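The values are calculated or read from the model by the stated rules, or taken from the named source; none is laboratory data. Remember, predicted model here, so these are calculated numbers, not experimental data. Note: ideal-geometry Cβ built from the backbone for every residue, glycine included; neighbour counts use all protein chains shown.
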């Protein structure tokens, strides 16, 4: 039983910093949501893309990977200015040089902000 408790505590300690930006839904319109979509030029979703969200001032706010639908949603984000960037595209893909990476995004209180990235084949 003691081993199980240690394992549960380890899981909480490791995943809690990342879970905070995903599991705290906006309450009373004091927080916001950030949706990141990654597609090919033809509109096909790209899964497995590591995306990083950095608050203005260079403090890392979070990092996650797009799911099978090519998107991820982070709710409970504090409104403000963030830099959202593709950090690890899947093998065979890259961010085109014509697309800003990271993108500067203003997250507004009580709203859902959508950021779209297009990846091209290498």
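What single numbered condition from (1) without any contact (Cβ under 8 Å) to a residue 40 or more places away in the chain; (2) surrounded by 13 or more Cβ atoms within 10 Å (Cβ to Cβ); (3) in contact with a strand residue (DSSP E or B) (Cβ under 8 Å, 6 or more places away or on another chain) fails to hold for residue 106?
Going through (1) without any contact (Cβ under 8 Å) to a residue 40 or more places away in the chain; (2) surrounded by 13 or more Cβ atoms within 10 Å (Cβ to Cβ); (3) in contact with a strand residue (DSSP E or B) (Cβ under 8 Å, 6 or more places away or on another chain) one by one, residue 106 breaks only (2).
Condition first: over 19 Å from residue 48 (Cβ atoms), surrounded by 13 or more Cβ atoms within 10 Å (Cβ to Cβ) and without any contact (Cβ under 8 Å) to a residue 40 or more places away in the chain. Now tell me which residues in the stretch 71-103 satisfy that.
Restricting attention to the stretch 71-103, the residues satisfying the condition of being over 19 Å from residue 48 (Cβ atoms) are 75-83, 97-98, 100, 103.
If we keep only those that are surrounded by 13 or more Cβ atoms within 10 Å (Cβ to Cβ) as well, we get 75-80, 82-83, 103.
Once the filter is applied, which keeps residues that are over 19 Å from residue 48 (Cβ atoms), surrounded by 13 or more Cβ atoms within 10 Å (Cβ to Cβ) and without any contact (Cβ under 8 Å) to a residue 40 or more places away in the chain, the stretch 71-103 yields 80, 83, 103.
Residues that are touching a helix residue (DSSP H, G or I) at 6+ places or on another chain (Cβ under 8 Å): find the strands (runs of 3 or more DSSP E) completely inside the stretch 29-70 holding 3 or more of those.
59-65
Residues 95, 108, 115: which one is under 14 Å from the mean Cα position of the chain (by Cα) and either over 26 Å from residue 44 (Cβ atoms) or at pLDDT 95 or above (or both)?
Values: 95 fails: under 14 Å from the mean Cα position of the chain (by Cα); 108 fails: under 14 Å from the mean Cα position of the chain (by Cα).
Of 95, 108, 115, the one residue that is under 14 Å from the mean Cα position of the chain (by Cα) and either over 26 Å from residue 44 (Cβ atoms) or at pLDDT 95 or above (or both) is 115.
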